[in-house]
1. Quantify, in whole percent, the carbon and sulfur part of the accessible surface of the chain (1.4 Å probe; protein heavy atoms only).
2. By per-residue mean of other Cβ atoms within 10 Å, what is the highest-first order of 272-279, 186-193, 68-75?
3. Can you work out the FRET efficiency for the pair residue 178 and residue 367, with r the C-beta to C-beta distance and R0 = 60 Å, to the nearest 0.05?
4. For region 142-215, what number results from the quotient of the Cα radius of gyration and 2.2 N^0.38 Å?
5. Looking at region 6-102, what % of the alpha carbon pairs are farther apart than 18 Å?
6. Could you run the Karplus curve 6.51 cos²θ - 1.76 cosθ + 1.60 with θ = phi - 60° over region 343-354 and give me ³J(HN,Hα) per residue in whole Hz, x for Gly and Pro?
7. List the residues, sorted by chain then number, that are 5 or more residues from residue 292 or on another chain and whose placed amide H is less than 5 Å from its amide H.
8. Could you check how many percent of all C-alpha pairs in region 323-410 are farther apart than 17 Å?
Amino acid sequence: GRTAAGETVLNTANYPPDTVQAPGADPIFEIPNAFPFRGTTYIGKAWADRAAADTGRIAIAARPQVSLGQTVAKVFGGDEQIDPLFAALPRPLRVALAAVSTDPRDLMRLARLSCEWVFDASSGTPTGLVYDAQGARPLIHDKQLFDTVANNPSLPAPYKCIMALRPGVQGRSEIVGEVIRPDTHVFEYLRRNSYIPWGHYAANMADDAVRYAAGDLTWADVRGMRHLYYQRTYVRLAEDLGITAPRTRQGLSAEPLESLRRSILAAMAQLKDPGRLPFTATLWGWNYGAGYAPSGYRLHASHQQIHQQYALIPTLVDTPDGASRIGAYACGDMVQNFVDAYYQHTGRSFFECYLKAIAANRRMDGRGDRPADLVVHENEHVVLFVPKAQTSQWELQLMTRSRTGNILEAGPALRDALDRALLKAMQTLAAMGAAMITVIEYSKRFHHRQSDQRLVYAFLPRLPESPGGFSEAQLRWINGHYPEDFARVCRDHLNRL
């Protein structure tokens, strides 16, 4: 090619005439994860130094305003051709527009193309969807387009409710729990056939409490979703232990819930082998954010509306022939195995050492003129911090300070601190531009009484240019900033919230 001044640009550097000598390269920091089963993180010094000098680089740009309808009207001087144009768009372009458009009119047009609608005869406004002869499923012409439009935050709320939020539109999952207050409304759905073999529950913001972004969440919302998780877990464990739980369609308020938790702990303390209970661990997770690529790849959660998922995990499951039983998988078991091995090797508590290491952290680059603190938020119950070896470029972790390894061991003050810190973490990451975040819980088995395992939550944002591939499949995590600088940016955003 040529330079702007017209000088010829050649690629002779790509064809060396002799043996290539590479005496040195940019330094790379290799950081073993505190939990070995999570791999190793690599930080490029040149990238991280640039981010340290300008922490404003640690951000995701806001979505640009996009409107095909306005563009067509501007170019052609009218909008009479917009509807035919939308109908003629190739499918990948429809999906792309459904994902990125910020114009409600674009999205309403695409919504009407994706499925069959019921309209009010007098006003012409949509009131519902057309369903099949059995009334089980809506008549959808393009499922990917339907899902992508329904998950776009810019779609008007009436369309969101009809397409994604109204009970029944996503199937016949029964509502088996509810939190309804003046400032929030949460449904608990039973997902009887799910990716978890024995089913799971989902706490979804209800159709009259639309929350498509973490910034829209209130403390009442998060407290409501988490209350359903605690309530479902305690009621089921009480049933397995033969404890009479209050039977009410009003749910359990704070005091009966705490009384039930204490009764469960007392009953378990009397068991010779609590590991023989049907369920001995919890599974909890939160997929925040949804998206589709025009190529057809689903990028994250199944729907944008705020929802959390949870279940109980057994100790053992039957083999297919029923002749024996094998251990059921729980990610917290990997923490337990490591904690036990650490103690056998050192004679010390891993989590006590971990908390001390976080408090005494030194910067990766050794500089004393820049912040070295990894902590984003803390109180006497919990600490929210940036792990030294981030497995997502923006990973945060939340950990209990006390020897509390699961929600059964967590009293009201600790549960409140956990729930508030969850909200702070999500809103901080969202304020920085994170649109897709996975949150997982690493918890201790109920019957591991003497273990020092602490309850840990990992927040794992997906960054636009870090989808995962060759390196990540080997548990090699590539990062472009120092964890101390990321912690500083998180604190700045949290202070502004």
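The values are calculated or read from the model by the stated rules, or taken from the named source; none is laboratory data. Bear in mind the structure is a predicted one, so any value in this text is a computation, not a measurement. Neighbour counts run over all protein chains shown; Cβ positions are idealised from the backbone, glycine included. We work out accessible area using only protein heavy atoms, side chains counted, and drop any ligands, DNA or RNA first. Shrake-Rupley method; radii C 1.70, N 1.55, O 1.52, S 1.80 Å.
1. 53 percent
2. For the peptides 272-279, 186-193, 68-75, the packing ranking is 186-193, 68-75, 272-279.
3. Result of the calculation: an efficiency of 0.70.
4. 1.16
5. Percentage above 18 Å: 75.
6. 5, 4, 7, 10, x, 10, 6, 4, 5, 5, 5, 4
7. Amide H neighbours of residue 292: 299.
8. Value for region 323-410 (Cα pairs over 17 Å): 63 percent.
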